[in-house]
1. From the set of residues in the stretch 154-175 that are surrounded by 15 or more Cβ atoms within 10 Å (Cβ to Cβ) and farther than 18 Å from Phe20 by Cα, which is farthest from the ligand (Cβ to nearest atom)?
2. For the stretch 208-227, give me each residue that is closer than 23 Å to Trp263 by Cα and free of Cβ contacts under 8 Å to residues at least 24 places away in the same chain.
3. When you scan the stretch 337-346, do you find a residue that is within 15 Å of the ligand (Cβ to nearest atom), within 15 Å of the chain's Cα centre (by Cα) and at pLDDT 95 or above, even just one?
4. Restricting to the stretch 91-102, name every residue that is surrounded by fewer than 24 Cβ atoms within 10 Å (Cβ to Cβ) and either in contact with a strand residue (DSSP E or B) (Cβ under 7 Å, 6 or more places away or on another chain) or over 28 Å from Val266 (Cβ atoms) (or both).
5. Under 6 Å by Cβ, and 6 or more places apart or on different chains, what pairs join a residue from the stretch 186-198 that is hydroxyl-bearing (Ser, Thr, Tyr) with one that is modelled with pLDDT of 95 or more and assigned to a strand (DSSP E or B)?
6. Asn283 - would you say it is assigned to a loop (DSSP other than H, G, I, E, B) and either within 15 Å of the ligand (Cβ to nearest atom) or closer than 25 Å to Asp88 by Cβ (or both)?
7. In the list Asp92, Asp31, Asp88, Asp75, which residue meets the criterion of being in contact with a Ser or Thr (Cβ under 6 Å, 6 or more places away or on another chain), of a type in the set (Asp, Glu) and at pLDDT 95 or above?
Amino acid sequence: MKTVCVIGLGYIGLPTAAVFAANGYSVIGVDVNEQIVAKLCEGRILIEEPGLADIVQAAVRSGTLKASSSPIPSDTFIIAVPTPILEDHTADLGAVAAAARSLVPHIRPGCLVVLESTSPPGTTMKLVLPILEKSGLKAGKDFMLCYSPERVLPGRILSELIKNDRVMGGITSTSAEAARDLYSSFVKGTIFTTDATTAEMVKVMENTFRDVNIALANEFALIAGKLGINIWEAIGLANRHPRVNVLNPGPGVGGHCIAVDPWFLVEVAPFEARLVRLAREINDGMPSHVVGLVAAMLGKRRPEDCILVCLGLTFKANVGDTRESPALQIVELLRDTGYQVRCVDPHVPTSAFPGLQIAASAESSITGAHLILLLVDHDEFRMLMPSLGGEMAARNLIDTRNMFDAVAWRTAGFRVSPLGHV
Ligand code: SAJ
């Protein structure tokens, strides 16, 4: 049985390891976090993703997936470690470099190394390749090296891992073809081959495309607010044009991908990436806009006298991930301003953030509140009724995701503000 060693057992590495294990490979999952390794040895996981717990448990039980804190000699090594940004918005490639260094003693003639971590274009050639060649073997001649970006959507990772098309960027065509053969064991989409730097660029372009389009939607919302227009109605009508698809404005862009990756383009081409930088700034400005909406709605009341119920803490609907979450940022800004903040998120453990009051249901935290602030459109919140207002000290609703029926809430005596209106 061929062996695959996956370095990094996060949202990408763990599903990838489990899917390879379910498709005929003997897989070792490696992570520096001892807790992740210990849990995986027992067949358990620490992240919330539909279907993942079951497939991991089955693979661990059947012995095709094992966990370890360091790599072992394998036919293929996949690096899927985080590439966050530093304060100055440049990429922190420390984990990629460390993962590559950990492979040096294990590189053998004929083996394949695949980098999956989203990285500034050029990383495979300029950072990973020289580290791996410290093994004394030549990349592209003695061993193969490829960059292959993942494209899976959190919340739908397992199905997208299998269905989506993929790009394999080899440092040589042999490297790209070897990676294509490997991934074709489970990928049902089409696999395209190219060079490593093009593949890196493709990945960052995809997420930047989404970020720039969300920024445009957010800018439309701000303009609509100034004009007293309901942005959601305007977008719905504009999208009736056959070639227009305005995305959804919201309280900001979060997650570990779209809020981060565009900076990699700014890093490699600071003078050229003007629109990309501006889009990041617009999206990063949305949390402050939402805090301004709260202040405007509560008028002359002192923040200290106001109780806010914030619905949702994660970076988007129906996931448990709070990384780079604008909702969390808004909650922190509101607390810094002096408001009494009660949070509700059925996907976040109530003890997740020390000092933050988190309830599992809105009903249990509504008594005496002055404003409901909907930040994440989790399905669970759809059930909430305007009758909640009966328990509140004042009936105010800010719906940043256009989730609630504004007419019904207004009829129940609420002042309702959509995104954009101040
Ligand atoms: N958002 C909006 N308005 C929208 C769409 C999204 O405000 O119309 C916000 C969300 O609320 C969230 C953020 O943007 O805060 C990102 O959410 P998302 O669902 O757009 O994307 P992610 O981060 O969950 O996953 C993205 C995907 N990339 C693209 O759609 C181009 C996914 O395919 C990538 O694999 C993933 O990034 C990644 O790992 O890079």
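The values are calculated or read from the model by the stated rules, or taken from the named source; none is laboratory data. Predicted model, so just to flag it, every value in this text is computed and none were measured. Cβ sites come from the backbone with ideal geometry, for glycine too, and all protein chains shown count toward neighbours.
1. Result: Thr172.
2. Applying the first criterion (closer than 23 Å to Trp263 by Cα) to the stretch 208-227 yields 208-220.
Correct list: Phe209 only.
3. So the first thing to find is which residues in the stretch 337-346 are within 15 Å of the ligand (Cβ to nearest atom), and the list is 345.
Narrowing further to those that are within 15 Å of the chain's Cα centre (by Cα): none.
Among the residues of the stretch 337-346, not one is within 15 Å of the ligand (Cβ to nearest atom), within 15 Å of the chain's Cα centre (by Cα) and at pLDDT 95 or above, which makes the answer no.
4. First, pick out the residues of the stretch 91-102 that are surrounded by fewer than 24 Cβ atoms within 10 Å (Cβ to Cβ): 91-95, 97-98, 101-102.
The answer is Ala91, Asp92, Ser102.
5. Filtered contacts from the stretch 186-198: Thr193/Met168; Thr194/Gly169; Thr198/Gly169.
6. Details: assigned to a loop (DSSP other than H, G, I, E, B): no; either within 15 Å of the ligand (Cβ to nearest atom) or closer than 25 Å to Asp88 by Cβ (or both): yes.
Judged against the criteria, Asn283 is not a match.
7. On the way: Asp92 fails: in contact with a Ser or Thr (Cβ under 6 Å, 6 or more places away or on another chain); Asp31 fails: in contact with a Ser or Thr (Cβ under 6 Å, 6 or more places away or on another chain); Asp88 fails: in contact with a Ser or Thr (Cβ under 6 Å, 6 or more places away or on another chain).
It is Asp75.
Condition check ((1) away from the ligand (no atom under 12 Å from the Cβ); (2) in contact with a Gly (Cβ under 9 Å, 6 or more places away or on another chain)) across all residues:
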| position | (1), (2) |
| --- | --- |
| Arg210 | no, no |
| Asn213 | no, no |
| Asn218 | no, yes |
| Gly254 | no, no |
| Val260 | no, no |
| Glu267 | yes, no |
| Ala273 | yes, no |
| Arg301 | yes, no |
| Thr314 | no, yes |
